[in-house]
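Participant: Pasting a structure here, questions to come.
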Amino acid sequence: MEIAVCVKRVPMVGGKIVVTADGQDVDTRMSGFTVSPHEECAVEEAVRLVERHGGSVTVLTLGPPAAADQLRDMLSLGASRAVLLETDGREWGPIATAEAIVAQVTGAATDPAASPDPALPGPAVCPDPALPDPAASPAPALSDPAASPEPALPYDLLLFGNEAADTGDYQVPVRVAHALGLPCVTGIKNLEVTDAGARAKREYRGTEEVFDIPLPAVVSVKEGINLPRYPSLPGRLRAKRATIETRAPQWRADGLTKTGLRVPAGESKRAEILGNGADAVPALVALLDELGILS
Amino acid sequence: MTVLCLVEQADDGGVADVSLRALTFARALAESWMNQKTASDPSNGSFTDGGDQPTGADVAGGTGGVAAVVFGDAAAAEPRLSEYGAGDAYAVELTGYVPQAWARALAGLAAELPATAVVAAGTDHGSEVMAHLGAITGLPMVANCVSAARNAEGALDLVRHRWAGSLLEDAVLDATPALLTVAVDAVAAVPAAEPAATAVHAWRPELDDGDLLVRATESAERSAGVSLATARVVVGGGRGVGGPDGFGVLEELAGLLGGVVGVSRVVTSEGWRPHKQQVGQTGTRISPELYLACGISGAIQHMAGCLSSKHIVAINTDPDAPIISRADYAVIGDLKQVLPALVDAIRARSS
């Protein structure tokens, strides 16, 4: 199966967020960058699905030129193709981001040069021999144009993280699904590709919700769906050499204008120190008693 | 002028606490609209182009102000809707959770009234339905708002969470209706000064097969035991626990205190404990009486999940760890010495 995964470059914020002097951005001079945790799990899930069922994984990001670093990180985990939708560093809202993703994933279908190229250096993906031959398994709707109203889409599955770590907009996957006329499920913690399509599960208020959906589909996942692997040395080397395809979509405003960022008040209180080591235990017990925890 | 509020029902049919918070938020937004309108040109009743928006109580049979939308048993929800000032409630008969159909119903109702804003709690369901509504209408959807008020230009001044609340964004939204989710841990539920006489209406959305394609089937199985999200005491363990074998004393302490163990992201990323025990931005949000954070440095990704704790006590070897500036009390020391001594002291006390 062909899977595209969308990821976002975000700062590694560690113990403290610092805002730039103009109050418009997070100060990243002292921080590294990563992809949002949910998205790293989306890439891992895609790689596992391809290991089971065959096919390949494309990673896609919209961000500044330096976001190529995050694409290479994802290539080292087992993705075989990477596309950078390059921005000038401005923040993109979710409507414009979804439009750029839709243009890329559908445009790729009409442009043969941009479709997944098996000659690209990619991990040798062999389906698990213990499983039925993927060629014999039910054909994804894509290989049968009559079965899909959107025959142009060259993917069986578009995977996202449930929400980006920084902006937390919760909506890019849903907007992409609507634009492509695909079914969409979000916040997924367990995903199985079945004969009929996919079965996706998530938790909601102490119960489990199960969704059965046909493919192709848009699925956003949450951390915990899997434990992402560490990149292998060959994976790293392959990622270093890989070509990153680049496009430059046009920014546009989408109705919400950021006027500034600030750290909430009351962030820097100082804890009352009860003592050091085991000597502090009597004070700690007295505190727990006072708080009503021991009653 | 109507602010529509998607109301999620609690297991007993009443209104879920998160939706009481969303109703409080919606009421504040409706009041800011009324106040702003009296303060400026009274004919300027629309966010964007002024003038053509029906004003006050004359909209489509509604009484204006806050109107609740309930997918299920509106009669069971009615007392709380009244207490929280919803003048109208629209009951939509749809079996189960069908996100796109819910959004289609909100879109139809928002157009019919018309609504100036549609608000939902920023839960998994609320966020998902509002994202569908944004996609259906082509309008911006602003996630995790803390406050919203109409400004003198007729747009909305918003404050919303970024980084799960570790950072605030000030923003201006120029779109009608405004589609907003509410950061559920940032808004308190406050009943209206005067309860409303809630008028209940039936609303039948126009749906096609595509709207009904994705539908949840819920397993009846509920997880047993105390849940991390609702536990009264959480004993947290981080990198300082040292490895998968170090959690026994945390479990023992949690058992003595009637609580559960929660862990930081590094612990789940290392595979020491299952992800369902993670407290943080990408795990569970907790709000216990006591959070005892042991060997946890206090990265913002973790703090985003525990700042609703009533009291935070940190045990850490590093007096300069970020958690020391976020906790109420701290013990400077190694949890491997402090926790066994604490367990012994509590056992001695109860015997």
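The values are calculated or read from the model by the stated rules, or taken from the named source; none is laboratory data. Everything quoted here is computed from the prediction, not taken from an experiment. Cβ atoms come from the backbone with ideal geometry, glycine included; neighbour counts cover every protein chain shown.
Participant: Tell me which residues, restricted to region B:61-113, are β-branched (V, I, T), closer than 30 Å to A:K201 by Cβ and buried (at least 24 other Cβ atoms within 10 Å of the Cβ).
Facilitator: Scanning region B:61-113 gives B:V69, B:V70.
Participant: Let me ask you something else. Which condition number does B:G122 fail, the rest of (1) crowded, with 24+ Cβ neighbours inside 10 Å; (2) over 27 Å from A:V19 (Cβ atoms) being met?
Facilitator: Failing condition for B:G122: (2).
Participant: I've got another one for you. Which condition does A:A165 not pass, out of (1) more than 9 Å from every other protein chain (Cβ to nearest Cβ); (2) assigned to a loop (DSSP other than H, G, I, E, B); (3) among the small types (G, A, S), if it passes all the others?
Facilitator: The one condition A:A165 does not meet is (1).
For (1) more than 22 Å from the chain's Cα centre (by Cα); (2) at pLDDT below 95, each residue gets a yes or a no:
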| position | (1), (2) |
| --- | --- |
| A:L191 | no, no |
| A:G206 | yes, yes |
| A:P216 | no, no |
| A:I225 | no, no |
| A:T246 | no, no |
| A:G255 | yes, yes |
| A:G260 | yes, no |
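Participant: Could you go through region A:59-72 and let me know if any residue there is more than 21 Å from A:Q171 (Cα to Cα), buried (at least 24 other Cβ atoms within 10 Å of the Cβ) and at pLDDT 95 or above.
Facilitator: Within region A:59-72 (the criterion being more than 21 Å from A:Q171 (Cα to Cα), buried (at least 24 other Cβ atoms within 10 Å of the Cβ) and at pLDDT 95 or above), the answer is yes, since at least one residue qualifies.
Participant: Go through the residues of region B:165-184 one by one and say whether even a single one is part of a strand (DSSP E or B), buried (at least 19 other Cβ atoms within 10 Å of the Cβ), without any contact (Cβ under 8 Å) to a residue 12 or more places away in the chain and among the charged types (D, E, K, R).
Facilitator: yes
Participant: Something else now. Kindly establish whether B:V226 is modelled with pLDDT under 95 and either at negative phi or among the aliphatic types (A, V, I, L, M) (or both).
Facilitator: Against the criterion (modelled with pLDDT under 95 and either at negative phi or among the aliphatic types (A, V, I, L, M) (or both)), B:V226 qualifies.
Participant: If you don't mind, another one. Working only within region B:185-214, note down all residues that are among the β-branched types (V, I, T) and outside any loop (DSSP other than H, G, I, E, B).
Facilitator: Answer for region B:185-214, where residues must be among the β-branched types (V, I, T) and outside any loop (DSSP other than H, G, I, E, B): just B:V200.
Participant: Can you name every residue in region A:252-275 that is loosely packed, with under 15 Cβ neighbours inside 10 Å and either farther than 30 Å from B:H161 by Cβ or touching a residue at least 12 places away in the same chain (Cβ under 8 Å) (or both)?
Facilitator: Matches in region A:252-275: A:R252, A:A253, A:G260, A:R262.
Participant: Can you report the number of residues in region B:267-288 which are surrounded by 21 or more Cβ atoms within 10 Å (Cβ to Cβ) and assigned to a helix (DSSP H, G or I)?
Facilitator: The qualifying residues number 4.
Participant: Further question on the same structure: Scanning for something more than 9 Å from chain B (Cβ to nearest Cβ), without any contact (Cβ under 8 Å) to a residue 60 or more places away in the chain and not in a strand (DSSP E or B), does region A:192-215 turn up at least one residue?
Facilitator: Yes, region A:192-215 contains a residue that is more than 9 Å from chain B (Cβ to nearest Cβ), without any contact (Cβ under 8 Å) to a residue 60 or more places away in the chain and not in a strand (DSSP E or B).
Participant: So, one more: What do you reckon, is A:A82 within 14 Å of another protein chain (Cβ to nearest Cβ) and of a type outside the set (S, T, N, Q)?
Facilitator: no
Participant: Could you please find all residues in region A:18-47 being surrounded by fewer than 19 Cβ atoms within 10 Å (Cβ to Cβ) and hydroxyl-bearing (S, T, Y)?
Facilitator: A:T20, A:T28, A:S31
Participant: Please find, within region A:174-186, the residue that is nearest to A:L215 (Cα to Cα) out of those that are surrounded by fewer than 24 Cβ atoms within 10 Å (Cβ to Cβ) and within 7 Å of chain B (Cβ to nearest Cβ).
Facilitator: Step by step, filter region A:174-186, then rank; the result is A:P183.
Participant: While we're looking at this one, here's another question. When both residues are 6+ apart or on different chains and their Cβ atoms are under 7 Å apart, which pairs have a first residue that lies in region A:51-75 and is closer than 24 Å to A:Q250 by Cβ, and a second that is among the small types (G, A, S) and at pLDDT 95 or above?
Facilitator: A:T58/A:A4; A:T58/A:A79; A:V59/A:A79; A:V59/A:A82; A:L60/A:A4; A:T61/A:A67; A:L62/A:A100; A:L71/A:A82
Participant: Identify the single condition in (1) within 14 Å of another protein chain (Cβ to nearest Cβ); (2) crowded, with 16+ Cβ neighbours inside 10 Å; (3) modelled with pLDDT of 95 or more that A:S148 does not satisfy, given that it satisfies every other one.
Facilitator: Only one criterion in (1) within 14 Å of another protein chain (Cβ to nearest Cβ); (2) crowded, with 16+ Cβ neighbours inside 10 Å; (3) modelled with pLDDT of 95 or more is unmet by A:S148, namely (3).
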